[in-house]
Amino acid sequence: MATATDAAVDTADHGHATSTGISNTKLAMWAFLGSECLLFGGLISTYLLYKTRRGPGPDNTVIPTDVFDIPFTSVSSFVLLMSSLTMVLALSAITRGDNPATRAWLLTTSMLGAIFIGGQVYEFTSFLREGVGYTHNPASSAFYTLTGFHGVHVSLGIVMLMSLFVASKQGKLRQEHSETVEIVGLYWHFVDVVWIFIFTVIYLIPVD
Amino acid sequence: MAVTEDPLALTTGEAATVERPLGVLTRPQGGNGWRDWLSTVDHKKIGIMYGVAAMFFFIVGGIEALLIRVQLAAPNGSVLSADIYNQVFTMHGVTMIFLFIMPLAAAFANYLIPLQIGARDVAFPRLNALSFWVWIGGAIFLNSSWIVGGGGADCGWFCYSPNSGLAFSPSHGVDFYAIGLLITGIASLVSAANLIVTVLNMRAPGMTLFRMPVLTWMLLVTQFLLLFALPVITVALFLLLFDRLFGAQFFNPEMGADPLLWQHLFWIFGHPEVYIIILPSFGIISEIIPTFSRKPIFGYSFMVFSGIAIGFMGFGVWAHHMFVSGIGPLSVWAFSMSTMFIAVPTGVKILNWLATMWGGKLRFTTAMLFAVGAVAMFTIGGLSGVTHALAPADTQQTDTYYIVAHFHYVIFGGGVLGLMGGMYFWWPKFFGHMLNETWGKLHFWTILIGFNLTFGPMHVLGLQGMSRRIDTYSPGFGFEFWNLVATIGAFVIALSVLFFFFNVWKSRRDAPNLPPPGPDPWDARSLEWMVPSPTPEHNFDEVPVIESDDEWWHRKYGYDENRNVVRIATVEEAAQDGSATGVHLPAPSFWPLVLAAGLPLIGYGLIFNLWLCVVGGLLTGIGIYAWALEPVDDPDADHGHDHDHDDHHDDHHDDEEAPVTAGDEEA
Ligand code: HEM
Ligand SMILES: [Cu+2]
């Protein structure tokens with residue numbers, strides 16, 4: 001996680017010269033996110049293919065679209081989107097050199113992410129109660145896998161944000177390291193954007 | 001998460017003598033023997049480890065190939081049971097592709113990319129070590145299913161569902177396949193991101209993208225293919241694993257699943273994979289042929305753009321693997337057309353190689369023989385490939401030995417022969433001595449003859465109707481003769497491989513009595529030939545400044561008033577001067593190894609006992625944590641860079657001033 005060592009501080013003012021002018025880490029993050037697009041692309045396609053496939057038996061014919069609570073999910077989606085805003089505020093705070101504000105916004109972002117994950121856990125359990133089991137039919141397998149993968153991504157993001165928070169507490173994350181926050185922010189925004197796609201595909205496009 | 005490493009700004013060398021406290025978190029300082037290899041972050045050592053391990057798995061896959069051919073040598077073969085036969089050909093394919101040819105290409109990529117672009121190392125040296133260790137962990141995991149998994153996977157290398165489901169494949173083989181490939185996939189993904197950043201960001205001053213050697217270009221396209229193709233098979237493998245471990249319903253037709261889903265996901269990855277295999281070899285051929293024709297590559301930009309075009313088009317043709325799966329006439333038409341088009345950029349490359357040789361002063365060294373041989377064999381494979389693009393012909397040929405012949409001509413003929421040529425070409429750079437040419441030529445001719453004896457007859461067998469993946473056949477179909485020939489051919493190939501290993505041993509033994517090859521034994525064209533052989537740890541004494549394509553060649557040769565090529569500098573004069581004092585290199589680290597060691601344990605845990613997952617997870621967690629806390633460099637190391645370079649390139653040294661920035665990356 002973001003360990004800004006003293007060595008880094010010593011030399012940060014040299015300016016990072018790369019052939020493209022973009023730092024290695026940021027470019028690597030872009031490459032990684034490019035590949036993540038295909039990962040989610042595959043999962044979303046699978047869901048689209050399977051979203052109406054009910055199982056044959058009497059116990060496994062309920063599919064996620066039967067039991068959606070769209071208002072609930074809309075609220076938690078809104079919470080996640082707001083976290084992108086607070087992430088931007090965290091970045092702007094650290095570029096200003098305002099460390100307490102940085103920490104506050106990092107914490108807020110993680111909390112919003114955690115609320116979203118909480119909502120997802122609640123949703124999963126209530127779906128299970130209503131008879132949509134992971135193994136019941138292709139539609140539910142695809143639903144849980146897609147949203148689960150996204151949930152894991154959000155959780156990883158929270159771990160990153162909290163590590164930044166801790167680093168900042170230890171005085172290791174300062175104005176010079178704003179790019180670290182920016183890179184974690186890229187990841188965070190990506191995960192949010194992907195959720196917009198997932199939300200649209202699962203909840204907003206009607207099934208017949 | 002880890003800290004960004006800047007290879008230019010870190011110290012070994014003189015710093016190694018500094019006293020430092022011992023502790024778990026102290027970075028190893030580089031030493032001798034095996035510890036040095038286990039903790040190295042040097043792209044050259046990592047490249048060599050990839051190469052050695054890949055050759056090991058070549059032997060494993062080769063033994064499996066020989067078993068297949070022994071079984072099929074005569075009708076009613078009974079060396080292997082039908083069940084074992086399925087496992088052997090599946091593991092042969094999986095081993096050859098994921099554990100031999102891809103890592104062998106990675107060996108070249110790791111070793112040569114930084115040298116060809118004038119960099120001291122890759123962008124993230126520790127991540128590079130991580131890629132290697134993760135890959136080798138996955139490779140061992142995959143093959144351990146022979147021992148602990150009750151046999152190998154038995155579903156064919158593309159493991160079609162529902163064949164690969166629990167109903168038809170109840171042993172653990174497929175679990176090992178899925179988890180093993182997921183692990184090696186992580187390795188390739190990390191390495192792809194690392195190498196992409198390296199090529200885009202770490203080029204020496206003046207090394208514009210369109211001055212890069214064709215090999216670096218082809219490797220770059222390969223890394224992009226990996227970056228975008230691997231996540232798709234990752235999805236497929238996860239879905240398969242969830243089906244098998246947790247009872248998900250992705251591939252169970254009885255529950256309404258679509259049997260084509262796997263095929264689509266697999267081939268969206270699988271077709272680009274063909275180019276992931278072949279493009280590095282194309283790049284190598286594009287270095288060897290100009291060198292031994294004493295001409296620049298003909299149509300450099302065509303070479304580059306056709307490579308990029310192949311990269312893009314490679315994603316658009318996957319369903320030609322599915323013509324007989326019932327995807328519908330419109331899809332068949334579209335994919336048939338697109339498949340024929342992709343032959344165009346490939347044809348461009350072949351014409352360019354021929355044009356490069358045309359009128360050149362040809363020298364048929366072993367490397368050149370392999371390169372030309374690869375072009376010839378690839379062309380045969382390409383032609384039989386175009387016949388598959390015609391859906392009606394494909395319907396007849398698919399799943400017969402015709403297709404087995406076709407893809408071996410492409411990946412063995414085009415891919416493996418090219419990589420072998422690369423070994424002869426760069427061996428002096430890697431190890432500081434040449435491979436013996438006489439034995440090399442013997443190696444080449446036996447492999448060429450053996451190869452054609454093995455796979456040529458398979459065209460005939462396929463057209464006669466011999467199915468692929470049958471464990472035996474009855475006498476009387478006319479299959480006997482050509483099968484026997486193919487088996488004899490396979491043993492000739494095996495003999496040629498023995499010649500190669502003998503050559504490696506002999507050349508090493510003879511080396512002390514022969515003149516050292518020097519930096520540039522072939523009078524070659526690209527930057528890696530500028531540095532001593534074997535490459536010193538810091539690569540370049542001075543980071544070179546690039547003024548043209550084929551920079552190294554232009555430093556040696558100019559033109560006289562009649563436009564004749566004349567030598568203007570000796571190797572010594574052209575090679576950079578200056579000394580390597582004060583070059584900073586990244587310190588070694590054990591944490592990539594520790595982190596990587598956890599992953600196979602998690603894999604075993606998922607299959608056998610969840611407690612192993614906990615152990616593996618802990619190991620990986622400790623690896624990540626310690627990695628993150630490991631100083632980018634020792635705090636007491638001197639970060640004042642040395643500014644007193646003594647030559648004419650002084651104003652270009654900005655790159656060497658690059659600082660250590662702390663940042664984040666996915667570890
Ligand atoms: C000594 C050299 C080799 C021989 C004799 C050989 C022989 C064979 C044979 C007979 C098959 C068909 C098995 C069947 O359908 O029942 C096969 C399959 C295959 N081989 Fe090779 N092979 C050799 C080298 C290679 C190399 C170098 C590669 C790749 C780099 C390779 C990749 C494959 C693949 C991907 C399959 C398909 C496996 C499957 O059907 O799932 N082979 N090989
Ligand atoms: Cu294909």
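The numbers here are math on the coordinates, done by the rules we state, and not lab data. Quick caveat, the model's predicted, so the values are computed rather than measured. Backbone-built Cβ (ideal geometry, glycine too); neighbour counts: all protein chains shown.
Here B:Ser286 meets the list (1) small (Gly, Ala, Ser); (2) closer than 22 Å to B:Asn110 by Cα; (3) in contact with a Gly (Cβ under 6 Å, 6 or more places away or on another chain) almost entirely, failing just condition (3). When the stretch B:312-361 is filtered for residues that are farther than 20 Å from B:Phe378 by Cα and more than 16 Å from ligand 2 (Cβ to nearest atom), the ones remaining, listed by number, are B:Gly326, B:Gly328, B:Pro329, B:Leu330, B:Trp333, B:Gly359, B:Gly360, B:Lys361. Quick check on B:Ile411: is it away from chain A (no Cβ under 14 Å), within 16 Å of ligand 2 (Cβ to nearest atom) and of a type outside the set (Asp, Glu)? The answer is yes for B:Ile411. Checked against the criterion of being within 12 Å of chain A (Cβ to nearest Cβ), over 23 Å from B:Ala596 (Cβ atoms) and surrounded by fewer than 24 Cβ atoms within 10 Å (Cβ to Cβ), the candidates B:Leu220, B:Leu227, B:Leu200 yield just one match: B:Leu200.
Count, please, the residues in the stretch B:314-335 that happen to be surrounded by 20 or more Cβ atoms within 10 Å (Cβ to Cβ) and either part of a helix (DSSP H, G or I) or of a type in the set (D, E, K, R) (or both). Residues meeting the conditions: 7. Determine whether B:Asn564 is within 16 Å of ligand 1 (Cβ to nearest atom) and away from every other protein chain (no Cβ under 14 Å). No, not satisfied.
B:Ser161 fulfils the conditions (1) within 16 Å of ligand 2 (Cβ to nearest atom); (2) in a loop (DSSP other than H, G, I, E, B) except for a single criterion, (1).
Residue count for the stretch B:247-275 under the criterion of being at the interface with chain A (Cβ under 9 Å from one of its Cβ atoms), buried (at least 23 other Cβ atoms within 10 Å of the Cβ) and within 16 Å of ligand 2 (Cβ to nearest atom): the result is 2. Among the residues of the stretch A:69-87, is there at least one that is under 26 Å from B:Phe250 (Cβ atoms) and surrounded by fewer than 17 Cβ atoms within 10 Å (Cβ to Cβ)? Looking for residues that are under 26 Å from B:Phe250 (Cβ atoms) and surrounded by fewer than 17 Cβ atoms within 10 Å (Cβ to Cβ), one finds at least one in the stretch A:69-87, hence yes.
Filter the stretch A:31-45 down to residues that are facing another protein chain (nearest Cβ under 9 Å) and of a type in the set (A, V, I, L, M, F, W, C) and give me whichever is farthest from B:Phe251 (Cα to Cα). Quick ask: steps written out before the conclusion?
At the first step, the residues of the stretch A:31-45 found to be facing another protein chain (nearest Cβ under 9 Å) are A:31-32, A:34-43, A:45.
If we keep only those that are of a type in the set (A, V, I, L, M, F, W, C) too, we end up with A:31-32, A:37-40, A:43.
Numbers: A:Ala31: 31, A:Phe32: 28, A:Cys37: 23, A:Leu38: 20, A:Leu39: 18, A:Phe40: 19, A:Leu43: 14 Å.
By that ranking, first place goes to A:Ala31.
Examine the stretch A:46-58 for a residue that is hydrophobic (A, V, I, L, M, F, W, C), within 9 Å of another protein chain (Cβ to nearest Cβ), over 15 Å from the mean Cα position of the chain (by Cα) and assigned to a helix (DSSP H, G or I), and state whether such a residue exists. Yes, the stretch A:46-58 contains a residue that is hydrophobic (A, V, I, L, M, F, W, C), within 9 Å of another protein chain (Cβ to nearest Cβ), over 15 Å from the mean Cα position of the chain (by Cα) and assigned to a helix (DSSP H, G or I).
Set side by side, the residues B:Leu209, B:Leu239 differ, and just one is more than 8 Å from chain A (Cβ to nearest Cβ) and either surrounded by 24 or more Cβ atoms within 10 Å (Cβ to Cβ) or among the hydrophobic types (A, V, I, L, M, F, W, C) (or both), which is B:Leu209.
Of a type in the set (Val, Ile, Thr) and either within 22 Å of B:Trp427 (Cβ to Cβ) or outside any helix (DSSP H, G or I) (or both): which single residue out of B:Val492, B:Val545, B:Val485 fits that description?
Numbers: B:Val492 fails: either within 22 Å of B:Trp427 (Cβ to Cβ) or outside any helix (DSSP H, G or I) (or both); B:Val485 fails: either within 22 Å of B:Trp427 (Cβ to Cβ) or outside any helix (DSSP H, G or I) (or both).
Unique residue meeting the criteria: B:Val545.
Looking at the stretch B:414-441 only, could you name the residues that are of a type in the set (A, V, I, L, M, F, W, C), under 26 Å from B:Gly382 (Cα atoms) and in contact with a helix residue (DSSP H, G or I) (Cβ under 7 Å, 6 or more places away or on another chain)? Reasoning before the result, please.
In the first step, residues of the stretch B:414-441 are kept if they are of a type in the set (A, V, I, L, M, F, W, C); the result is B:416-417, B:419-420, B:423, B:425-427, B:430-431, B:434-435, B:439.
Those still in the list that are under 26 Å from B:Gly382 (Cα atoms) too: B:416-417, B:419-420, B:423, B:425.
Passing the criteria: B:Val416, B:Leu417, B:Leu419, B:Met420, B:Phe425.
Please work out if B:Ser281 is away from chain A (no Cβ under 14 Å), of a type in the set (S, T, N, Q), buried (at least 23 other Cβ atoms within 10 Å of the Cβ) and away from ligand 2 (no atom under 14 Å from the Cβ). Explain how you work it out, then say what you get.
Values: away from chain A (no Cβ under 14 Å): yes; of a type in the set (S, T, N, Q): yes; buried (at least 23 other Cβ atoms within 10 Å of the Cβ): yes; away from ligand 2 (no atom under 14 Å from the Cβ): yes.
The answer is yes for B:Ser281.
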